[in-house]
Amino acid sequence: MQLLQDPRLLGSNVILDLLAFVVAQTINAVQLPHQRTDEGHLGAANALSKALELDMANWWAPTAENYFQRIKKDQILAAIKDVSGLPVPDRLTSMKKSDLAQEAEASVKGIRWLPAVMRG
């Protein structure tokens, strides 16, 4: 590995960038529907997340398009309840899913809420 022996690169961030790339290629934090939460690859991903103090709210926020329209209506209602800490208003339960997704997006805007699966 001549790259790592080049003295011009040792003092730079190239080695750290390379190490970060290699580690990133080995981490699989995706939990498929049939997988349990205690599977080994998820434990490794969680350990790395904790060690790095990764806060997904710094990188991602749920919107109607990227999250709420992709989950079931009862999950959207549960998210709204989770955000407010209150029972879901009756007017929301009869909304169409697309309108409810917009309502959910508005309810989480600016508060750094994340779905449970993304909370460390």
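The values are calculated or read from the model by the stated rules, or taken from the named source; none is laboratory data. On a predicted model such as this, the values are computed, not experimentally measured, just so you know. Please note: Cβ atoms are built from the backbone with ideal geometry, for glycine as well, and neighbour counts cover all protein chains shown.
The figures follow:
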| quantity | calculated |
| --- | --- |
| Positions within the stretch 73-118 being surrounded by 13 or more Cβ atoms within 10 Å (Cβ to Cβ), farther than 30 Å from Val30 by Cβ and touching a residue at least 12 places away in the same chain (Cβ under 8 Å), in sequence order | Leu92 |
| For Ala57: the one exception among (1) at pLDDT below 95; (2) over 14 Å from the mean Cα position of the chain (by Cα) | (2) |
| Criterion violated by Met56 - all others in (1) within 13 Å of Val117 (Cα to Cα); (2) surrounded by fewer than 15 Cβ atoms within 10 Å (Cβ to Cβ); (3) touching a residue at least 60 places away in the same chain (Cβ under 8 Å) satisfied | (2) |
| Residue tally, condition polar (S, T, N, Q) and within 11 Å of Val83 (Cβ to Cβ), over the stretch 95-112 | 1 |
